[in-house]
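Visitor: Please read through the structure below; I'll follow up with questions.
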Amino acid sequence: MKLEDKVAVVTGAGQGIGRAIALALAREGARVVTTDIDLPSAQQTADEIRALARPALAIKADVSRSAEVSQLVRQTLEAFGKVDILVNNAGIDQIVSVRDTTEAQWDAHMDVNLKGPFLCSQAFGEHMIKQKYGRIINIASVVVHRTPPGQAAYGASKAGVIILTRVLAIEWARHNINVNSVSPGMVRTPLIEKAQQENPRLFDKWWESIPQRRFIEPGEIGNAVLFLASPEADAITGANLVVDGGASAIWSY
Ligand SMILES: NC(=O)c1ccc[n+]([C@@H]2O[C@H](COP(=O)([O-])OP(=O)(O)OC[C@H]3O[C@@H](n4cnc5c(N)ncnc54)[C@H](O)[C@@H]3O)[C@@H](O)[C@H]2O)c1
């Protein structure tokens with residue numbers, strides 16, 4: 001198994017993409033901390049991992065609060081003694097025009113989507129620097145590469161994630177810490193299915209512009225993260241892996 005003896009922390013692991021990432025890492029042998037602002041869902045993912053006969057621990061943490069992130073690091077080290085892989089996946093997304101975006105909405109996107117990865121990388125990074133090994137994978141978004149309306153706060157926060165990824169990759173390369181991002185396209189999660197029901201015409205338009213004409217499955221993002229966390233990707237740092245069925249590769253279709 002590719003991740004035997006490795007300890008991974010996945011934020012926002014209670015559902016959707018984070019849950020799939022946690023399961024993908026566990027299937028390759030990692031012990032996984034599933035952390036989420038919603039503890040029961042994180043516990044459910046941890047139960048699924050234990051059903052695979054892999055150790056798992058669910059911890060409640062809001063990634064946008066430094067005190068909770070510090071507590072997350074403490075509890076992880078108490079339970080498993082180290083951290084090798086951090087996946088900054090927790091995120092929020094509200095589709096709202098610039099004119100209608102409130103200050104609170106702007107701040108919430110920045111706090112969870114951008115400050116969260118910063119706080120978690122900084123806190124877990126201290127430990128990774130000491131052990132001279134780390135793999136950090138940040139979940140960005142296709143909107144950085146192909147931008148729809150209504151995504152100013154979300155897209156700006158995810159563009160920041162790309163820059164954070166590159167700067168961390170440069171600063172920490174000498175500590176054997178690789179930092180990469182994954183930009184998912186439209187992934188079949190409860191969030192997206194709900195949005196599709198609410199905006200069927202908008203989704204039809206998006207759908208028509210995806211060359212593969214399909215949703216990405218959460219497990220396919222799990223596979224991309226697994227690759228970047230595995231020894232096969234040891235030479236890759238500061239990169240962004242787009243997993244979007246070709247959506248960002250075209251002008252129109
Ligand atoms: N679904 C898509 O199509 C898609 C596309 C591109 C990028 N993404 C990104 O992938 C990531 C996961 O998206 P998803 O579709 O699985 O979303 P989701 O809403 O299904 O899951 C997000 C999880 O993050 C948790 N979370 C929210 N705020 C948190 C906080 N402050 N602290 C800790 N946990 C928190 C939620 O409780 C939830 O379990 C996000 O960063 C999202 O922006 C998703």
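Visitor: Just to check your reading of the model, which residue among Arg135, Arg146 is outside any helix (DSSP H, G or I), touching a residue at least 24 places away in the same chain (Cβ under 8 Å) and more than 19 Å from Ala229 (Cα to Cα)?
Guide: Just one listed residue meets the conditions, Arg146.
Visitor: When residues of segment 61-87 are filtered for being under 21 Å from Val225 (Cβ atoms), out of contact with any helix residue (DSSP H, G or I) (no Cβ under 7 Å at 6 or more places or on another chain) and not polar (S, T, N, Q), how many remain?
Guide: Counting residues in segment 61-87 that are under 21 Å from Val225 (Cβ atoms), out of contact with any helix residue (DSSP H, G or I) (no Cβ under 7 Å at 6 or more places or on another chain) and not polar (S, T, N, Q) gives 3.
Visitor: Taking only segment 23-52 into account, find how many residues are touching a residue at least 60 places away in the same chain (Cβ under 8 Å) and within 16 Å of the ligand (Cβ to nearest atom).
Guide: 3
Visitor: Test of understanding: among Ile37, Ile49, which residue is surrounded by fewer than 22 Cβ atoms within 10 Å (Cβ to Cβ) and among the β-branched types (Val, Ile, Thr)?
Guide: Ile37 is the lone residue from the list that is surrounded by fewer than 22 Cβ atoms within 10 Å (Cβ to Cβ) and among the β-branched types (Val, Ile, Thr).
Visitor: A further question follows. Go through (1) surrounded by 24 or more Cβ atoms within 10 Å (Cβ to Cβ); (2) touching a Gly at 6+ places or on another chain (Cβ under 7 Å); (3) assigned to a loop (DSSP other than H, G, I, E, B) one by one and return the number of the condition Glu4 breaks.
Guide: With respect to (1) surrounded by 24 or more Cβ atoms within 10 Å (Cβ to Cβ); (2) touching a Gly at 6+ places or on another chain (Cβ under 7 Å); (3) assigned to a loop (DSSP other than H, G, I, E, B), Glu4 is out only on (1).
Visitor: With the requirement that a residue be surrounded by fewer than 19 Cβ atoms within 10 Å (Cβ to Cβ), in contact with a strand residue (DSSP E or B) (Cβ under 9 Å, 6 or more places away or on another chain) and within 18 Å of Asn88 (Cα to Cα), what does segment 146-169 give you?
Guide: Those that are surrounded by fewer than 19 Cβ atoms within 10 Å (Cβ to Cβ), in contact with a strand residue (DSSP E or B) (Cβ under 9 Å, 6 or more places away or on another chain) and within 18 Å of Asn88 (Cα to Cα): Ile162, Arg166, Val167.
Visitor: What number of residues within segment 169-226 satisfy the criterion of being in a helix (DSSP H, G or I), of a type in the set (S, T, N, Q) and more than 29 Å from Glu4 (Cα to Cα)?
Guide: Count: 2.
Visitor: From the list Val83, Val87, which residue is aliphatic (A, V, I, L, M), in contact with a His (Cβ under 7 Å, 6 or more places away or on another chain) and within 21 Å of Asn223 (Cα to Cα)?
Guide: Result: Val83 is the single residue among Val83, Val87 that is aliphatic (A, V, I, L, M), in contact with a His (Cβ under 7 Å, 6 or more places away or on another chain) and within 21 Å of Asn223 (Cα to Cα).
Visitor: Search segment 173-200 for residues that are within 30 Å of Ala235 (Cα to Cα) and pair each with any residue that is among the basic types (Lys, Arg) and more than 7 Å from the ligand (Cβ to nearest atom) when their beta-carbon atoms are under 7 Å apart and the residues are at least 6 apart or on different chains.
Guide: From segment 173-200, the pairs are His175/Lys132; Asn176/Lys132; Asn178/Arg135.
Visitor: Here is a follow-up. What pairs can you find where one residue is in segment 93-111 and within 20 Å of Gly12 (Cβ to Cβ), the other is within 16 Å of the ligand (Cβ to nearest atom) and aromatic (Phe, Trp, Tyr), and their Cβ atoms are less than 9 Å apart, with a gap of 6+ or different chains?
Guide: Short answer, once both residue conditions are applied: Asp93/Tyr154; Gln94/Tyr154; Ile95/Tyr154; His109/Tyr154.
Visitor: Follow-up. Scanning segment 181-206 for residues that are near the ligand (Cβ under 10 Å from one of its atoms) and of a type in the set (Ser, Thr, Tyr), which turns out surrounded by the fewest Cβ atoms within 10 Å (Cβ to Cβ)?
Guide: Thr189
Visitor: Could I ask something else about it? Regarding Ala224, is this residue away from the ligand (no atom under 16 Å from the Cβ), farther than 19 Å from Gln94 by Cα and either of a type outside the set (S, T, N, Q) or in contact (Cβ under 8 Å) with a residue 12 or more places away in the chain (or both)?
Guide: no
Visitor: Considering segment 18-46 alone, what residues qualify as being more than 22 Å from Glu68 (Cβ to Cβ) and more than 15 Å from the chain's Cα centre (by Cα)?
Guide: Across segment 18-46, the qualifying residues are Ala26, Arg27, Glu28, Gly29, Ala30.
Throughout, read-outs are computed from the coordinates displayed, never taken from laboratory work. Fair warning: this is a prediction, and the values are worked out from it, not measured in the lab. No Cβ is skipped: glycine too gets one built from the backbone with ideal geometry, and neighbour counts run over all protein chains shown.
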